[in-house]
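The values are calculated or read from the model by the stated rules, or taken from the named source; none is laboratory data. Predicted model, so just to flag it, every value in this text is computed and none were measured. Virtual Cβ from ideal backbone geometry, glycine too; neighbours counted across all protein chains shown.
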Amino acid sequence: MRIGKENFIVQLQLHNEKALEFLVMEHGERLISIIRKHLFTLPHLQEECLTDTFVTVWNHIDSFDRENEFENWIGSVARYRCLKYLAAHQNEATIAWLIEKEILEEKEMMVSCLNEQEQELFYRFYVGEEPEQTRKKNRNISCRNMYDLLNRVDTDIFEYEKECISPEEKERMIRQLQEMLRGKKRRFSFRHYLSSSFRKAAPLNC
(Lines give C-alpha, C1' and ligand atoms only; values in the text may rest on other atoms or scores of the structure.)
Protein backbone atom coordinates (compact mmCIF):
# COMPACT_ATOMS: atom_id res chain seq x y z
CA MET A 1 0.00 0.00 0.00
CA ARG A 2 1.24 3.49 -0.86
CA ILE A 3 1.53 5.69 2.23
CA GLY A 4 0.70 9.38 1.81
CA LYS A 5 -0.63 12.40 3.68
CA GLU A 6 -4.20 11.21 3.27
CA ASN A 7 -3.77 7.81 4.94
CA PHE A 8 -0.60 7.74 7.05
CA ILE A 9 -2.40 8.52 10.34
CA VAL A 10 -4.79 5.61 9.85
CA GLN A 11 -1.85 3.39 8.94
CA LEU A 12 0.02 4.56 12.05
CA GLN A 13 -2.99 3.51 14.12
CA LEU A 14 -2.76 0.12 12.41
CA HIS A 15 0.95 0.06 13.36
CA ASN A 16 2.13 -0.09 9.78
CA GLU A 17 5.89 0.55 9.95
CA LYS A 18 5.77 2.15 6.49
CA ALA A 19 3.64 4.90 8.04
CA LEU A 20 6.32 5.41 10.70
CA GLU A 21 8.87 5.86 7.91
CA PHE A 22 6.59 8.45 6.32
CA LEU A 23 6.27 10.24 9.67
CA VAL A 24 10.06 10.50 9.99
CA MET A 25 10.46 11.72 6.41
CA GLU A 26 7.56 14.19 6.52
CA HIS A 27 7.78 15.63 10.04
CA GLY A 28 11.35 15.00 11.19
CA GLU A 29 12.57 18.54 10.43
CA ARG A 30 9.73 20.21 12.35
CA LEU A 31 10.22 18.00 15.39
CA ILE A 32 14.00 18.36 15.54
CA SER A 33 13.61 22.14 15.35
CA ILE A 34 11.41 22.02 18.47
CA ILE A 35 13.80 19.69 20.26
CA ARG A 36 16.92 21.69 19.38
CA LYS A 37 15.26 24.86 20.63
CA HIS A 38 14.35 23.39 24.01
CA LEU A 39 17.34 21.09 24.53
CA PHE A 40 19.92 23.58 23.30
CA THR A 41 22.07 23.04 26.43
CA LEU A 42 21.83 19.25 26.04
CA PRO A 43 22.85 18.74 22.40
CA HIS A 44 24.03 15.18 23.05
CA LEU A 45 20.44 14.21 23.94
CA GLN A 46 18.62 15.85 21.04
CA GLU A 47 18.68 12.86 18.69
CA GLU A 48 17.69 10.50 21.51
CA CYS A 49 14.76 12.78 22.35
CA LEU A 50 13.69 12.85 18.69
CA THR A 51 13.73 9.05 18.54
CA ASP A 52 11.84 8.93 21.83
CA THR A 53 9.25 11.32 20.40
CA PHE A 54 8.65 9.09 17.37
CA VAL A 55 8.33 6.02 19.61
CA THR A 56 5.90 7.90 21.87
CA VAL A 57 3.75 8.93 18.90
CA TRP A 58 3.80 5.30 17.68
CA ASN A 59 2.78 3.95 21.09
CA HIS A 60 0.07 6.55 21.73
CA ILE A 61 -1.29 7.25 18.25
CA ASP A 62 -4.71 5.95 19.32
CA SER A 63 -4.90 8.94 21.67
CA PHE A 64 -4.82 11.38 18.75
CA ASP A 65 -8.14 13.11 18.14
CA ARG A 66 -8.74 13.51 14.39
CA GLU A 67 -10.58 16.77 15.06
CA ASN A 68 -7.25 18.35 16.03
CA GLU A 69 -4.22 19.20 13.92
CA PHE A 70 -1.81 16.27 13.79
CA GLU A 71 1.17 18.62 13.44
CA ASN A 72 0.20 20.45 16.62
CA TRP A 73 -0.33 17.18 18.50
CA ILE A 74 3.07 15.73 17.64
CA GLY A 75 4.58 19.14 18.41
CA SER A 76 3.02 18.96 21.87
CA VAL A 77 4.33 15.43 22.32
CA ALA A 78 7.84 16.62 21.38
CA ARG A 79 7.66 19.52 23.81
CA TYR A 80 6.42 17.25 26.58
CA ARG A 81 9.28 14.82 25.94
CA CYS A 82 11.69 17.79 26.07
CA LEU A 83 10.31 18.70 29.48
CA LYS A 84 10.97 15.18 30.70
CA TYR A 85 14.53 15.26 29.38
CA LEU A 86 15.19 18.70 30.88
CA ALA A 87 13.96 17.56 34.27
CA ALA A 88 15.86 14.26 34.17
CA HIS A 89 19.16 15.74 32.95
CA GLN A 90 19.11 19.17 34.54
CA ASN A 91 22.37 18.52 36.39
CA GLU A 92 24.14 17.92 33.07
CA ALA A 93 23.16 21.29 31.69
CA THR A 94 25.81 23.97 31.56
CA ILE A 95 23.39 26.71 32.65
CA ALA A 96 21.21 25.14 35.33
CA TRP A 97 19.22 28.26 36.18
CA LEU A 98 18.32 28.75 32.52
CA ILE A 99 17.09 25.16 32.29
CA GLU A 100 14.93 25.66 35.38
CA LYS A 101 13.49 28.82 33.81
CA GLU A 102 12.85 26.95 30.53
CA ILE A 103 11.00 24.15 32.34
CA LEU A 104 8.82 26.62 34.24
CA GLU A 105 7.96 28.65 31.13
CA GLU A 106 7.19 25.54 29.07
CA LYS A 107 4.90 24.08 31.73
CA GLU A 108 3.05 27.37 32.10
CA MET A 109 2.68 27.75 28.34
CA MET A 110 1.50 24.17 27.82
CA VAL A 111 -1.20 24.35 30.50
CA SER A 112 -2.36 27.87 29.64
CA CYS A 113 -5.21 26.62 27.42
CA LEU A 114 -6.33 23.84 29.81
CA ASN A 115 -9.09 24.07 32.36
CA GLU A 116 -8.33 23.71 36.08
CA GLN A 117 -8.94 19.96 36.24
CA GLU A 118 -6.83 19.31 33.13
CA GLN A 119 -4.02 21.44 34.54
CA GLU A 120 -4.04 19.38 37.72
CA LEU A 121 -3.84 16.19 35.66
CA PHE A 122 -0.98 17.59 33.58
CA TYR A 123 1.04 18.39 36.70
CA ARG A 124 0.19 14.99 38.17
CA PHE A 125 1.70 13.29 35.13
CA TYR A 126 4.65 15.66 34.93
CA VAL A 127 5.60 15.87 38.61
CA GLY A 128 4.53 12.34 39.43
CA GLU A 129 2.31 13.25 42.36
CA GLU A 130 -0.55 15.59 43.16
CA PRO A 131 -0.31 18.68 45.34
CA GLU A 132 -1.90 18.20 48.76
CA GLN A 133 -4.88 20.43 47.94
CA THR A 134 -5.45 18.50 44.70
CA ARG A 135 -5.47 15.14 46.50
CA LYS A 136 -8.04 16.37 48.98
CA LYS A 137 -10.29 17.94 46.37
CA ASN A 138 -10.09 15.41 43.55
CA ARG A 139 -9.73 11.94 45.01
CA ASN A 140 -12.25 10.57 42.51
CA ILE A 141 -10.68 12.03 39.35
CA SER A 142 -9.38 9.23 37.16
CA CYS A 143 -6.00 9.61 35.41
CA ARG A 144 -6.55 10.23 31.72
CA ASN A 145 -3.97 9.28 29.17
CA MET A 146 -1.34 12.01 28.98
CA TYR A 147 -1.46 12.02 25.20
CA ASP A 148 -5.23 12.47 25.19
CA LEU A 149 -4.58 15.54 27.31
CA LEU A 150 -2.01 16.82 24.82
CA ASN A 151 -4.80 17.03 22.27
CA ARG A 152 -6.01 20.01 24.31
CA VAL A 153 -2.65 21.77 24.33
CA ASP A 154 -2.64 24.53 21.72
CA THR A 155 0.98 24.75 20.55
CA ASP A 156 1.51 25.60 16.91
CA ILE A 157 4.35 23.55 15.43
CA PHE A 158 4.55 25.94 12.49
CA GLU A 159 6.03 28.68 14.68
CA TYR A 160 9.31 26.78 14.28
CA GLU A 161 11.45 26.98 11.19
CA LYS A 162 12.32 23.66 9.62
CA GLU A 163 15.82 22.49 10.37
CA CYS A 164 17.62 20.19 7.99
CA ILE A 165 17.95 16.45 8.52
CA SER A 166 19.86 14.69 5.77
CA PRO A 167 18.26 11.72 3.98
CA GLU A 168 21.05 9.55 5.42
CA GLU A 169 20.20 10.64 8.96
CA LYS A 170 16.52 9.91 8.36
CA GLU A 171 17.30 6.46 6.98
CA ARG A 172 19.52 5.72 9.98
CA MET A 173 16.78 6.85 12.36
CA ILE A 174 14.20 4.69 10.57
CA ARG A 175 16.46 1.65 10.91
CA GLN A 176 16.98 2.43 14.59
CA LEU A 177 13.23 2.76 15.18
CA GLN A 178 12.54 -0.48 13.33
CA GLU A 179 15.10 -2.32 15.46
CA MET A 180 13.58 -0.88 18.63
CA LEU A 181 10.07 -1.90 17.57
CA ARG A 182 11.15 -5.41 16.64
CA GLY A 183 12.88 -5.78 19.99
CA LYS A 184 9.77 -4.53 21.74
CA LYS A 185 7.61 -7.02 19.85
CA ARG A 186 9.88 -9.87 20.94
CA ARG A 187 9.81 -8.75 24.58
CA PHE A 188 6.06 -8.28 24.46
CA SER A 189 5.53 -11.75 23.02
CA PHE A 190 7.65 -13.31 25.77
CA ARG A 191 5.79 -11.46 28.51
CA HIS A 192 2.48 -12.38 26.92
CA TYR A 193 3.53 -16.03 26.85
CA LEU A 194 4.52 -15.98 30.53
CA SER A 195 1.32 -14.20 31.52
CA SER A 196 -0.80 -16.65 29.53
CA SER A 197 1.04 -19.62 31.05
CA PHE A 198 0.55 -18.22 34.56
CA ARG A 199 -3.19 -17.75 34.03
CA LYS A 200 -3.50 -21.32 32.77
CA ALA A 201 -1.56 -22.69 35.73
CA ALA A 202 -3.29 -20.57 38.39
CA PRO A 203 -6.47 -22.71 38.71
CA LEU A 204 -4.29 -25.76 39.38
CA ASN A 205 -2.88 -24.08 42.47
CA CYS A 206 -6.27 -23.36 44.03
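Between 83, 50, 23, the distinction of being surrounded by fewer than 21 Cβ atoms within 10 Å (Cβ to Cβ) and either of a type in the set (Phe, Trp, Tyr) or part of a helix (DSSP H, G or I) (or both) belongs to 83 only.
When residue 11 is tested against (1) touching a helix residue (DSSP H, G or I) at 6+ places or on another chain (Cβ under 7 Å); (2) over 22 Å from residue 151 (Cα atoms); (3) modelled with pLDDT of 90 or more; (4) not hydrophobic (A, V, I, L, M, F, W, C), exactly one condition is not met: (2). I'd like to check something: does segment 20-30 contain any residue that is in contact (Cβ under 8 Å) with a residue 40 or more places away in the chain and in contact with an Asp or Glu (Cβ under 6 Å, 6 or more places away or on another chain)? Yes - at least one qualifying residue is present in segment 20-30.
Yes/no matrix, rows are residues, columns are (1) within 18 Å of residue 150 (Cβ to Cβ); (2) touching a helix residue (DSSP H, G or I) at 6+ places or on another chain (Cβ under 7 Å):
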{"residue": "17", "(1), (2)": "no, yes"}
{"residue": "27", "(1), (2)": "yes, yes"}
{"residue": "60", "(1), (2)": "yes, yes"}
{"residue": "66", "(1), (2)": "yes, no"}
{"residue": "78", "(1), (2)": "yes, yes"}
{"residue": "92", "(1), (2)": "no, no"}
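Of all the criteria given as (1) closer than 24 Å to residue 113 by Cβ; (2) modelled with pLDDT under 90, the one not satisfied by residue 56 is (2).
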